[in-house]
Each structure stands twice: as structure tokens, then as C-alpha cells.
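The values are calculated or read from the model by the stated rules, or taken from the named source; none is laboratory data. This is a predicted model, so every value here is computed, not measured. Here the Cβ positions follow ideal geometry from the backbone for every residue, glycine too, while neighbour counts run over all protein chains shown. Surface areas here come from the heavy atoms of the whole protein model, side chains and all, with no ligands, DNA or RNA. Shrake-Rupley method; radii C 1.70, N 1.55, O 1.52, S 1.80 Å.
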Amino acid sequence: MASEDVKSESAVSTIVNLAEEAKLAREGVRAPSYAVLSICKSLVAGGVAGGVSRTAVAPLERLKILLQVQNPHNIKYNGTIQGLKYIWRAEGFRGLFKGNGTNCARIVPNSAVKFFSYEQASKGILRLYQQKTGNEDAQLTPLLRLGAGACAGIIAMSATYPMDLVRGRLTVQTENSPYRYRGIFHALSTVLREEGPRALYKGWLPSVIGVIPYVGLNFSVYESLKDFLIQTKPFGLVEDNELSVTTRLACGAAAGTVGQTVAYPLDVIRRRMQMVGWNNAASVVTGDGRNKAPLEYTGMIDAFRKTVRHEGFGALYKGLVPNSVKVVPSIAIAFVTYEVVKDILGVEIRISD
């Protein structure tokens with residue numbers, strides 16, 4: 001999308017604006033008004049992609065979180081099939097989608113910012129790379145895409161992290177929880193009042209560390225696979241330098257599998273840290289009866305140490321199976337939906353063009 005790259009000025013006169021547009025026209029770059037429209041379309045496409053993909057796998061997403069944070073002395077969810085059946089029996093159909101509204105409220109802006117940030121970071125990194133190598137035809141390498149994806153992930157995650165914390169707590173609530181958040185805003189206000197502003201960013205550090213390999217590898221593997229297939233054209237998968245939706249799904253699935261496997265232990269630790277300090281936490285977190293025990297972690301390292309010491313190394317991968325089942329279609333649907341929506345809106349997709 002180098003053809004859409006536009007320089008912005010904070011305060012310019014009409015003459016300077018005209019001169020700038022003339023310069024951009026000579027360089028084959030779109031006018032600023034087009035760039036603004038392109039940005040808006042990119043944000044919309046990213047938001048739609050996030051909402052559609054998360055809703056499609058909402059039951060598996062909720063089960064994953066329940067498995068990650070449930071008290072090891074009071075097991076209620078034991079596996080993917082059993083866990084989904086338990087939720088259905090205990091809470092009905094709506095229970096399978098509990099927390100999805102909050103998740104969509106979080107993931108839509110998160111995905112919009114993430115995809116937009118990735119495109120902008122990619123263009124900036126590509127421009128610097130071309131200047132450094134002196135080759136205007138140079139393309140992004142997998143390592144550079146990894147860096148762009150990591151930047152996008154950190155920006156998007158940090159901007160919407162309080163919503164993620166609230167979503168996690170709403171998700172683990174059950175009908176028998178001693179005290180229930182009534183919704184997004186009630187949960188936010190309650191956390192602020194009882195635990196303070198810093199509580200909204202509990203688990204932020206492992207999230208930042210985890211988002212680098214997760215999002216970075218997602219984008220890097222996805223874009224690199226697409227480029228490889230387009231260049232080699234194996235098995236007739238490419239027609240007119242374009243990949244079919246099915247092939248894009250496969251690329252997205254491969255990207256999601258690699259990213260989530262590498263970063264998963266950090267996701268477990270993040271989710272557990274988010275539950276710390278929650279007064280009257282759901283019984284799935286604290287346990288029932290004589291097994292009831294408070295959650296106490298002083299930080300990321302302490303959470304890692306206590307989790308491994310008391311539950312074994314395997315605890316760092318609790319919920320991996322439902323997460324693996326859901327992450328492949330989720331990531332794949334997100335990438336394909338994003339590109340399809342951008343096609344519909346008339347926005348160029350290829351960053352390296």
C-alpha cells in the first residue's frame with residue numbers, strides 16, 4: 001500500500017497544501033483526502049473482522065478462560081466436550097455466549113487498531129528498509145513483518161486492556177457467584193472503586209510479552225505464506241496473482257496455530273493475575289467449601305512460580321485444547337473477513353505493492 005502513503009502537516013496554508021498534493025501526484029501517491037478515507041475503511045474492516053471471528057467461537061473462548069482460572073482443588077470443567085456440556089446444563093444456551101458482548105465491545109476496537117497499526121507500521125518499516133538498502137523495490141522480510149505485527153499488537157492491546165480484564169471477570173461468573181457484575185460499565189466502576197485504577201491493568205506485563213510472539217508471528221507467518229504461494233504458485237492455488245478464500249483460510253489457520261502455541265503460557269498467567277484482588281470472586285476461581293482459597297500473586301514471576309509449583313508445568317497449558325480448536329477458525333475468519341470487507345469497501349490490501 002505504498003501508493004497510499006501520505007505526509008501529514010500540522011498547520012499548512014492553501015498554497016502549501018496544493019504544492020504537497022502536486023508533489024504526491026508526481027510520486028504516484030494518493031491525495032490526503034483519499035488517505036483519510038482509506039484509514040477509515042481499514043478501521044471498519046478490522047473491527048468487523050474481530051467481531052465476526054470472536055462471535056463464531058465464543059463458547060470455546062469462554063471455556064478456555066474457565067479452564068485457565070478454575071481452582072485446581074475444585075475441578076468443574078475437565079476437557080472440551082465435558083466443559084461445554086457442563087455449561088449447557090448449568091447455564092443453558094446463553095451461558096455458552098456469556099461475556100461475548102463485552103468481548104466484541106473490546107475486540108472490535110482492538111482489531112481495528114491492530115490491523116490499522118500493522119499496515120501503518122509495515123509501511124513505515126518498509127520505507128526505512130528501502131532507504132537503508134537503497135533498493136526501492138525491496139519488500140518486507142519475515143523478520144520485519146514480525147516487528148510490525150508486534151508493534152500493532154502492543155498498541156491495540158494496551159489501548160483496550162481494561163476491557164479485556166473486565167471481560168475475563170464477566171466470563172467466569174456463574175449463576176451461583178456470590179456477587180455479580182451487572183455489565184461492562186458496572187464492572188469497570190466496581191474495579192475502579194474497590195481496587196483502584198492500576199487494577200485495570202493487572203496482568204498487562206505478561207500480555208505485552210505474550211503479544212509480541214503471538215501477534216507478531218500471526219502477521220509474519222500469514223503474510224509470508226501468502227507471498228510464498230503467490231511467488232511459487234504450487235498446485236494451482238494461485239490465479240491471476242490472487243489467493244482463493246480457502247487458501248487464505250489455510251494461511252490464517254497456520255498463522256494462528258504457531259502464534260498461540262508459543263504465547264499460551266503467558267496468556268494463562270495474564271488471566272490468573274486479572275482475578276487477583278477480586279472480592280467475592282466466582283466460585284470457579286476460589287473453589288467451594290473447605291477448598292476455598294484466595295488468589296495471591298505479587299507479580300508475573302510469582303504467578304509463574306506458584307502455578308508450576310502447585311499444579312505442575314502442564315498448568316501453563318490449561319485450556320490449550322479448546323483454544324487450539326477455536327483459534328484456528330478464529331484467526332482464519334478474522335484475516336479473511338478483513339480482506340473481504342476491504343475488497344468490498346474498495347481498499348487496496350497488499351502492503352508490499
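Points worth noting:
- Remark: for residue pairs 64/226; 98/226; 98/318; 85/202, the C-alpha separation exceeds 24 Å in 64/226; 98/226; 85/202.
- Between residue 185 and residue 237, the simple spin-label model (points 7 angstrom out along Cα→Cβ) gives 4.8 nm.
- Total charge dipole magnitude, the range 123-248, about the Cα centre, Cβ charges on Lys, Arg, Asp, Glu only, Debye to nearest 20: 540 debye
- Only protein heavy atoms count here; on that basis, with a 1.4 Å probe, residue 73 has an accessible area of about 130 Å².
- Model label points for residue 174 and residue 313, set 7 angstrom from Cα along the Cα-to-Cβ axis, are 3.1 nm apart.
- Normalised by the number of residues in the range 110-238, the average gap of Cα pairs under 8 Å and 6 or more apart makes the relative contact order 32 percent.
- Full-extension gain in nm, residue 159 to residue 198, via 0.36 nm per residue minus C-alpha separation: 12.6 nm
- Between the beta carbons of residue 133 and residue 305, assuming R0 = 41 Å, the FRET efficiency works out to 0.35 to the nearest 0.05.
- Among the protein heavy atoms, those of residue 55 account for about 60 Å² of accessible surface (1.4 Å probe, every chain in place).
- Debye log10 I(q)/I(0) for the range 78-172, one point scatterer per Cα, at q = 0.12, 0.18, 0.24 Å⁻¹: -0.58, -0.84, -1.08
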